[in-house]
Amino acid sequence: MARVFPQAGVSSPYMSTERETFTVWMKSLVYQTNGLTVYNSNGEITYRVENYDKSSNEVHIMDLHGNILFTIRKKKLWLFGSWYVYRECGTLSSTEEVKPFVKIKRSCIRDGDWEVRDETNEVFWILRFDPKFAFQIIDVHGNIIAKVKPKQSSNGIILGEDVLSLEVKPRIDHSLVVTLVTVYGLIKGIV
């Protein structure tokens, strides 16, 4: 299995040798409710999330055709919750125990930040910034893997609180980055 972070080999349709910019619309494609829709730089839909029940503990990341790529499950632990991401690899019942591909939990180092730990125990961080939904994903060395910020027009006008720009570094699995954006949206109560 190819590594997701950083510098994985480019053999996946979800990676590129170039930096990629996506537009994230924080609305469901189907019902324009909870969820998100991700467009590539050509304006084509690449990913979508439909969250029909905001109180649900499970959300799926899908490609344009509705194929499930990742499943996100919220786990409640003591006062704080954590989020487990499972790579979709066939049909699994919700009661089957499978090792999560990625775990996300609140950082004990800096308030408001989140620790991301993959299946090989490599650590990454979601670092929040002042605007409502601006953050970066960085590796343990402080290298920026992806940035999310409010999308602006060419005139510098912000397009709305629910329209974001997502920049992903080359050779990074952007499907997983979109999954982390979704988790952050769930944490903020937006998705």
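Quick notes on this structure:
- Screening Ser175 against (1) under 18 Å from Lys103 (Cα atoms); (2) part of a strand (DSSP E or B) leaves a single unmet condition, (2).
- Within this structure, Asn57 fails the test of being crowded, with 19+ Cβ neighbours inside 10 Å and at pLDDT below 85.
- If only residues of region 1-22 that are open to solvent by less than 30 Å² (accessible area, probe 1.4 Å) and touching a strand residue (DSSP E or B) at 6+ places or on another chain (Cβ under 7 Å) are counted, the one that is modelled with the lowest pLDDT is Val4.
- Tally, over region 73-110, of residues that are modelled with pLDDT under 70 and assigned to a strand (DSSP E or B): 2
- Scanning region 139-149 for residues that are out of contact with any Leu (no Cβ under 6 Å at 6 or more places or on another chain) and either open to solvent by less than 40 Å² (accessible area, probe 1.4 Å) or on the phi < 0 side of the Ramachandran plot (or both) gives Asp139, Val140, His141, Asn143, Ile144, Ile145, Ala146, Lys147, Lys149.
The values are calculated or read from the model by the stated rules, or taken from the named source; none is laboratory data. Every value quoted in this text rests on a predicted model; they were computed, and no experiment measured them. Note: ideal-geometry Cβ built from the backbone for every residue, glycine included; neighbour counts use all protein chains shown. When the accessible area is computed, the model is the full protein with side chains, heavy atoms only, and any ligands, DNA or RNA have been set aside. Shrake-Rupley method; radii C 1.70, N 1.55, O 1.52, S 1.80 Å.
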